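Worksheet for the structure shown next.
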Amino acid sequence: MTELKKLHDGSLYDPNESSVMAEQTQCLELLYEYNMTRPSEAEKRKDLLKKMFAEIGEGCYIEPPFHANWGGRHVHFGRMVYGNFNLTLVDDTHIYVGDCCKFGPSVIVATAGHPILPELRMHQYQYNAPVHIGNNVWVGAGAIILPGVTIGDNCVIGAGSVVTKDIPANVVAVGNPCRILREIGEKDREFYFKDRRIDWNTMK
């Protein structure tokens, strides 16, 4: 089995192997080009994201600077996904993100891990595990999502959280390690922030 194939099956592999490095470098050239675009070059950014990502739906936007180990090559975005400044996608294997998701500033989604055994780390071995994020998820600023995690639909992940385990749908989860704080419920239909009421008459 080639080192490139090992990226996606959970095997230990050498990320510095020549074929891996060559393909990764090509991806990073496009990422560099994206981060050098001007604010007025919206169409160029849109076209570059289509080239960079495995899949990307309509209405997606990522604020530069954007960081990704493979420049988005293994990232699958649904529709209307927004990434704020310094979004980091460690996309050594696949990252799946549903529709209408939002990432706050400096969020990290990581698929790459390194073995605990010092001898293996000394030789720079790595393994990868995919991340799955459902529809309509909001990930707060500075949150970190670790390899192999699944987050269900409609979740809110609090700022600064470290998500080490799966999070079910329709909950607010916070902390390090990230834990369920509460379910999303009827109160959230009345208040959008602390004691501020939603005026449904002004909503679309």
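FYI, it's all coordinate maths here, none of it is from the lab. Here the structure is a predicted model, which is why all the values come from computation and not from measurement. Here Cβ is always computed from backbone atoms with ideal geometry, including for glycine, and neighbour counts include all displayed protein chains.
Can you give the extra length, in nm with one decimal, that the chain gains between GLU186 and TYR125 once fully stretched, where that is 0.36 nm per residue apart less the Cα-Cα distance? Kindly include the intermediate steps, with their values, before the conclusion.
Details: separation 61, 0.36 × 61 = 21.96 nm, distance 4.82 nm.
Between GLU186 and TYR125, full extension yields an extra 17.1 nm.
Could you give me the ³J(HN,Hα) list for segment 96-102, computed from phi with Karplus coefficients 6.51, -1.76, 1.60 and θ = phi - 60°, whole Hz, x at Gly and Pro?
After applying 6.51 cos²θ - 1.76 cosθ + 1.60, I find 10, 10, x, 6, 6, 8, 10 Hz.
Hey, can you grab everything whose amide H is under 5 Å from the amide H of TYR125? Only 5+ residues off in sequence or another chain; H modelled, so Pro and N-termini drop out.
For TYR125, whose amide H was placed from the backbone, there are no distant partners under 5 Å.
Go through segment 80-168 and name the trypsin sites (Lys or Arg not before Pro) that are in a DSSP coil and have 13 or fewer other Cβ atoms within 10 Å of their Cβ.
Of the trypsin sites (Lys or Arg not before Pro), the ones in loops of segment 80-168 whose Cβ has at most 13 other Cβ atoms within 10 Å are LYS165.
Rounded to the nearest 10 degrees, what's the angle between the helix 42-52 long axis and the longest principal axis of the chain, both from Cα atoms, 0 to 90?
Approximately 50 degrees, to the nearest 10.
Using alpha carbons only, how many degrees (0 to 90, rounded to 10) separate the axis of helix 18-35 from the longest principal axis of the chain?
40 degrees
In deg cm²/dmol, rounded to 500, what helix-only [θ] at 222 nm does the chain give when every DSSP H run of at least 4 residues adds -39500 (n - 2.57) and the total is split over its residues? Mind dumping the intermediate values first?
Values: 4 runs with 38 residues, N = 204.
It comes out at -5500 deg cm²/dmol, rounded to the nearest 500.
What's the longest bit of the chain with no exposed GluC sites (Glu not before Pro), using DSSP loop states and at most 12 other Cβ atoms within 10 Å as the test?
On the way: sites that count: GLU58, GLU190.
Answer - 59-189.
Output wanted: per-residue J couplings in Hz (rounded whole) for segment 75-84, from phi through Karplus 6.51 cos²θ - 1.76 cosθ + 1.60, θ = phi - 60°, x for Gly and Pro.
Residue by residue, segment 75-84 yields 9, 10, 9, x, 8, 6, 8, 10, x, 7 Hz.
Going 7 Å from the Cα of LYS5 in the Cα-to-Cβ direction, what parts of segment 64-102 have a backbone nitrogen less than 20 Å from that spot?
74, 92-94
For the chain, with a Gaussian network of springs between Cα atoms less than 10 Å apart, report the residue from MET122, MET52, MET80 with the top mean-square fluctuation.
MET122
I need the phi-derived Karplus couplings for segment 157-172: 6.51 cos²θ - 1.76 cosθ + 1.60, θ = phi - 60°, integer Hz, Gly and Pro marked x.
Those phi angles translate into 9, x, 4, x, 6, 10, 8, 9, 9, 4, 10, x, 5, 6, 9, 9 Hz.
Show the residues, 5+ positions off or on another chain, whose built amide H is closer than 5 Å to the amide H of TRP70.
Here the answer is ASP91, since their amide H atoms fall under 5 Å of that of TRP70.
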